[in-house]
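Below you'll find the structure, written out as structure tokens, and then a few comments.
No value in this document is a laboratory result; all are computed from the given coordinates. Just so you know, these numbers come straight off a predicted model, no measurement behind them. Cβ placement follows ideal geometry from the backbone for every residue including glycine, while neighbour counts extend to all protein chains displayed.
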């Protein structure tokens, strides 16, 4: 009966707006390999970046370089990740994303294989750049694989949160498993793990085809000019915000020129794209008020999440803790992220985004405020609750925001959908680097301030400082007989403690600033909702007489 009705009067019955596609009939035995492929591809691309950030000291030791020099490896990996994804819009239309991904993963396997024998910085930088190029399509590929076997009604509600979990937990998971992989063999275990995962992903991508899309020749010569300018701009910004806080912004004469050239390149790319009939990115749509609001929201969210990606690990490393001592904390972060995604699966619907965002901002503010009372004796176990709140909030914020953007893009057409997905991934990768750079800059500024204050107290003959110095000399007395050496050692130890104290105080300031920004965003969200409610209420008396 219902079939006949749907056949005879297709235009009169809008109820089956999303008719069951082939995916609902896909047996579980066929669906599970796609979900497994999505999981492995998503985790592999996340671990690629996570292994670098979590093991910079070990990498620098293996290559015989300083940690500052090793930061170039992260820059080399992130430069293509931030820009190459943009070309996937037209690459997928002309050649198919799967073919591009097959080539990319094959290159990723070769790079992972070659990394086992690399022992100098220059070769490592080249390989990390190639690794970033090969990993660029993996994020989009993981997203498509997890949506492939799902019914239409579950693609956004279930597939979206699960995809975001896979794309965001990689760096935290890398800190959990790195201690078990790094043993007497150094980084060989990490390289072999990356190689094994990439080979499995290569096999799965070849064996599991995605739903084919119509191909057409859409790549134009001017696309390469636009992409070159965008790559130069985003690559320059990524490099600047990675190296700027490490070397300090004014210490490198070329850094200001690089940032200026990056902004000029992005401006030129925008001008070119605005005057094209078939642009690489639809700038006008992205610059619409709704999309600008969404982009600002996502960027603000990345800034707030820098408290977790750069705050806690950076502070504990400054206190002398390694990944093995932080493994439990980041395990809880991974679990909390999964629970946040499940909360989205259970209650996320269009129109509920403000409630989810309000809850996420409140949880981030609470978690950051709890962290702002850290001391020299704070350990990862004492930050489990606060960091779990922030991880849980990350899914409450990201999944509804992306759902809203996807619905807006779907209403415009398939090309807009791809544009939004890829721009979302670019803003998250580049925004994460920019957020971490700003967070570290605040840390450095406040650390210098607190260290100056503490140094003045050390040289002012304060009674508390004198008492601490005397107690330290008493502890060191059995080890040192010479009084001059004893006092010098005690002063050095006290200065080291003061430096650590200044670092912790700087992180506390950054945590507190994060809480204030989250509260300000929550207030702005409340005012925005009140404005919408007031506008609707003012329009109601005008519409009621017309309807009657």
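Taking only the alpha-carbon atoms of the stretch 221-277, what semi-axes of the equivalent ellipsoid follow from 5 times the gyration tensor eigenvalues under a square root, in whole Å, largest first?
27, 9, 7
How much length is gained on full extension from residue 456 to residue 120, taking 0.36 nm per residue of separation minus their Cα-Cα distance?
Once the chain is fully extended between residue 456 and residue 120, it gains 116.7 nm.
Per residue and in Å³, how big is the convex hull formed by the alpha-carbon atoms of the stretch 27-219?
Cα convex hull per residue, to the nearest whole number: 118 Å³.
How long are the semi-axes of the equivalent ellipsoid of the stretch 205-345, defined as square roots of 5 times the Cα gyration tensor eigenvalues? Whole Å, largest first.
Whole-Å semi-axes of the equivalent ellipsoid: 34, 27, 16.
When you count, for each residue, the other Cβ atoms within 10 Å and take the mean per peptide, how do 133-140, 202-209, 246-253 rank with the highest first?
Top to bottom by mean Cβ count within 10 Å: 133-140, 202-209, 246-253.
How big is the stretch 266-399 on each of its three principal axes, counting only the C-alpha atoms and giving the largest first in Å?
59, 36, 23
Can you give me the convex hull volume of the Cα atoms of the stretch 245-316, divided per residue and expressed in Å³?
About 118 Å³ per residue, rounded to a whole number.
Placing one identical point scatterer on every Cα of the stretch 126-283 and ignoring solvent, what is log10 I(q)/I(0) from the Debye formula at q = 0.16, 0.21 Å⁻¹?
Computed log10 I(q)/I(0) values: -1.26, -1.28.
If I take every Cα pair under 8 Å that is 6 or more residues apart in the stretch 27-219, average their sequence separation and divide by the length, what percent do I get for the relative contact order?
Value for the stretch 27-219: 41 percent.
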